[in-house]
Amino acid sequence: MNYIVFDLEWNQSNTGLEEEAVSIPFEIIEIGAVKLDQSGGIAGEFSQLIKPKVYQEMHQITGKLIHLRMQELKNGKPFVQTAEGFLAWCGEEPYLFCTWGSSDLTELQRNMRFYHMQPLAQGPFPYLDVQKLFSLAYEDGSSRRSLEHAIDFLEIPKNIPFHRALSDAAYTARILERIQRERPEVMKNQSYDVFHPPADRKSEIKVQFDKYAKYISREFPTKEDAFGDREVVSSKCYLCRRNLRKKIRWFTPNGRNYYCLAYCEKHGYLKGKIRVRKSDEGGTYVVKTTKLIDEKDAEALKKRRDRAKEFHKRYEGKLS
């Protein structure tokens, strides 16, 4: 198994008036990647500038951040040729994509779709979010730090500039190698890219980690349809597989994330969290995580539910 650690730089519109701005809000202008073998050794590098087709002016913030001029990009290769070359470079051996954060795979696939290329997969597929792994390995597991913060934390020499695709990929690869060597147990915490949600119930993702379980639903027409599905709203103990009765039914403090509380007689309190997401096709799918929590956290969730109920009452009162 190889690890393809890659990074993208992209440009965007200064005005948002271009017709393509909806379907390709971020146009990729550089791909950089480092290939690591299973032991963490460098097996190759890939770097290519991309000639822009959509946005012919550099966004003012992008230009300052990555120190690239449009004149340099005009000497790049077309996106399709570059993407095909990158995927060929990844090789025929099994590999896992690795990125700093979750946005690069989304934008790569969005650009590929804009150019009518074959998708990377027909549904969700696993990858390593090195930003998340760094937090799990060295911090609290929830915080999300900048790439430079992680480099400073691990005291890795900063001998190449940040904010270029190959250099950021190289820094990410160095962090991944350290995690693999020092905290190999966190490497199993794979993330799932969901640019293409599961096509049907059989394709839905159900995966269990050490301290939580994750479920990714198929696509529904609306949020209401999703919450009408029994599997979406169920609460199951991921250790003993029992269906649990809820102590607190699903509620939301903000309209985006939903929470519930259930109780397993064998393992204790179980917190459920649903994140409602829109697919690029306009449908709705959910990412549900369930996690065992202690009594103190269960009480905190109850208080959060009470605050949400009070807020909704006041809000409805203002509308009436």
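Points worth noting:
- Test for residue 115: is it of a type in the set (Phe, Trp, Tyr) and either touching a Leu at 6+ places or on another chain (Cβ under 8 Å) or crowded, with 18+ Cβ neighbours inside 10 Å (or both): no
- Being of a type in the set (A, V, I, L, M), in contact with a helix residue (DSSP H, G or I) (Cβ under 6 Å, 6 or more places away or on another chain) and surrounded by fewer than 23 Cβ atoms within 10 Å (Cβ to Cβ) holds for only one residue in 4, 42, 24, 28, and it is 24.
- Condition check for residue 141: modelled with pLDDT of 95 or more, on the phi > 0 side of the Ramachandran plot and surrounded by 13 or more Cβ atoms within 10 Å (Cβ to Cβ): no
- Qualifying residue in segment 225-240 (condition: at positive phi, at pLDDT 95 or above and either assigned to a strand (DSSP E or B) or loosely packed, with under 14 Cβ neighbours inside 10 Å (or both)): no
- Of all the numbered requirements in (1) in contact with a Phe, Trp or Tyr (Cβ under 8 Å, 6 or more places away or on another chain); (2) without any contact (Cβ under 8 Å) to a residue 60 or more places away in the chain, residue 291 misses one, and that requirement is (2).
Table: residues versus (1) at pLDDT below 95; (2) assigned to a helix (DSSP H, G or I); (3) outside the structural domain of residue 32 (by TED's automatic domain parsing).
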position: 65; (1), (2), (3): yes, yes, no
position: 68; (1), (2), (3): yes, no, no
position: 75; (1), (2), (3): yes, no, no
position: 96; (1), (2), (3): no, no, no
position: 101; (1), (2), (3): no, no, no
position: 111; (1), (2), (3): no, yes, no
position: 118; (1), (2), (3): no, no, no
position: 121; (1), (2), (3): yes, no, no
position: 145; (1), (2), (3): no, no, no
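- Segment 214-232: number of residues that are in contact (Cβ under 8 Å) with a residue 60 or more places away in the chain and of a type outside the set (S, T, N, Q): 9
The values are calculated or read from the model by the stated rules, or taken from the named source; none is laboratory data. The model shown is predicted, which means the values in this text are computed figures rather than measured ones. When we count neighbours, we look across all protein chains shown, and the Cβ atoms used for this are built from the backbone with ideal geometry, even at glycine.
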